[in-house]
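Asker: Take a look at the following structure, please.
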Amino acid sequence: MAKISVEEARRFRAGEDFAIGSIDPAATPGVDADGLEDAFSHYDEDIARLQEMLYARGRAGDDDAGAVLLVLQGMDTSGKGGIVRHVVGEVMDVQGVHLASFGRPTEEEARHDFLWRFQPHLPRPGQVAVWDRSHYEDVLVQRVKKMAPPEEIDRRYNAIVEFERSLARSGTRVIKVMPHISREYQAENLRERLCNPEKFWKYNPGDIEDRALWPEYMEAYEIAVRRTSTDEAPWYCIPSDNKRYCRTVVKTLLYDALSSLDLAWPEADFDPEVELRRLENA
């Protein structure tokens with residue numbers, strides 16, 4: 001059965017020397033078109049079992065159960081919502097998933113440090129949290145649109161690194177994914193939204209303004225990834241013109257993160273034999 005191995009998925013990890021121009025958004029290394037369907041579902045049963053085990057430990061009150069934070073940050077139409085639906089929603093028990101999405105800060109949020117609004121959405125022990133857009137809005141959008149001064153943007157990179165390291169120290173596995181699409185592919189996606197009444201709701205006229213700033217966004221992503229990809233919270237830049245391929249890689253990374261938690265089913269706080277006898281006599 002075809003698959004994308006953990007080792008192959010880890011090759012998309014981006015570090016201090018990350019160059020966004022070196023990533024071909026249309027590439028699908030590790031699997032051909034014929035094998036992609038098999039690869040897409042290869043880890044499903046393992047992910048479902050491990051996530052249920054994680055959720056069970058959290059429900060049992062195990063504060064050391066661990067947690068996972070999946071950060072999805074990419075250009076408009078890059079497939080973040082599809083990852084939420086087709087990777088998280090179709091494989092995981094939603095009872096153990098916390099989904100949050102972040103746009104421009106509200107007036108109240110803007111009165112606090114930029115990381116303040118993310119605290120309530122951190123995963124509790126036993127949870128998988130998914131952020132569809134994230135704290136990186138504050139060093140991407142705000143950098144490109146000059147919504148904060150350069151010295152404040154620079155401070156935020158260091159604050160993010162420390163924030164994510166503290167999560168890792170608390171037992172949370174942090175996976176940061178940039179689904180990377182080409183400008184041409186984004187145009188196809190936007191055209192589809194404009195030509196299909198069922199997708200009008202997904203279109204935002206502001207996407208055209210952001211599209212005009214494509215070079216500035218690519219530079220901002222490159223800087224942010226270089227400054228904040230660490231051993232504790234690595235970035236993965238995944239080719240995403242083929243969204244099925246990107247989702248397959250994300251599944252592999254989730255399997256890797258869940259496996260690293262060294263999970264086991266919580267032990268019963270009752271005697272099963274006694275309870276069976278009670279059941280027979282009930």
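The values are calculated or read from the model by the stated rules, or taken from the named source; none is laboratory data. Worth saying up front: this structure is predicted, and the values here are computed from it rather than measured. Note: ideal-geometry Cβ built from the backbone for every residue, glycine included; neighbour counts use all protein chains shown. Heads up: the accessible areas ignore ligands, DNA and RNA and are worked out on the full protein's heavy atoms, side chains in. Shrake-Rupley method; radii C 1.70, N 1.55, O 1.52, S 1.80 Å.
Asker: Cβ neighbours within 10 Å, averaged per peptide: list 148-159, 129-140 in order, most packed at the top.
Answerer: Peptide ranking by packing, descending: 129-140, 148-159.
Asker: OK, next. Just need the relative contact order of the range 1-94 here, percent rounded to a whole number, with Cα pairs under 8 Å and 6+ apart.
Answerer: 33 percent
Asker: Hand me the GluC sites (Glu not before Pro) from the range 1-83 located in a DSSP loop with no more than 15 other Cβ atoms within 10 Å, in residue order please.
Answerer: In loop regions of the range 1-83 (DSSP not H, G, I, E or B), the sparsely surrounded GluC sites (Glu not before Pro) are E16.
Asker: Okay, next question. Return, for the Cα atoms of the chain, the radius of gyration and Dmax in Å, separated by a comma.
Answerer: 20.4, 73
Asker: With an 8 Å cut-off on Cα pairs and a minimum separation of 6 or more residues, tell me the relative contact order of the chain in percent.
Answerer: Relative CO of the chain lands at 34 percent.
Asker: Now a separate question. Quote the accessible area belonging to F114 in square angstrom, nearest 10, computed with a 1.4 Å probe and with ligands, DNA and RNA left uncounted.
Answerer: Spelled out: F114, probe radius 1.4 Å, area about 20 Å².
Asker: Further question: Which of the residue pairs K176/K243; K3/K80; K145/K199; K146/K199 have a Cα-Cα distance greater than 24 Å in the structure shown?
Answerer: K145/K199; K146/K199
Asker: Can you give the accessible area of T252 in Å² (nearest 10), computed on protein heavy atoms with a 1.4 Å probe?
Answerer: 0 Å²
Asker: Something else about it: Please determine, in degrees from 0 to 90 and to the nearest 10, the orientation of helix 243-259 with respect to the longest principal axis defined by the Cα atoms of the chain, where the helix direction is its Cα long axis.
Answerer: Helix 243-259 sits roughly 40 degrees off the main axis of the chain.
Asker: Which cross-chain or sequence-distant (5 or more) residues have an amide H under 5 Å from the amide H of A14, H modelled 1.01 Å from N in plane?
Answerer: W235, Y236, C237
Asker: May I have the pair-distance distribution P(r) for the range 106-235, computed from all Cα-Cα distances with 10 Å bins from 0 and rounded to whole percent?
Answerer: 10, 36, 33, 19, 2
Asker: Check which residues have an amide H placed less than 5 Å from S229's amide H, if you skip close sequence neighbours.
Answerer: none
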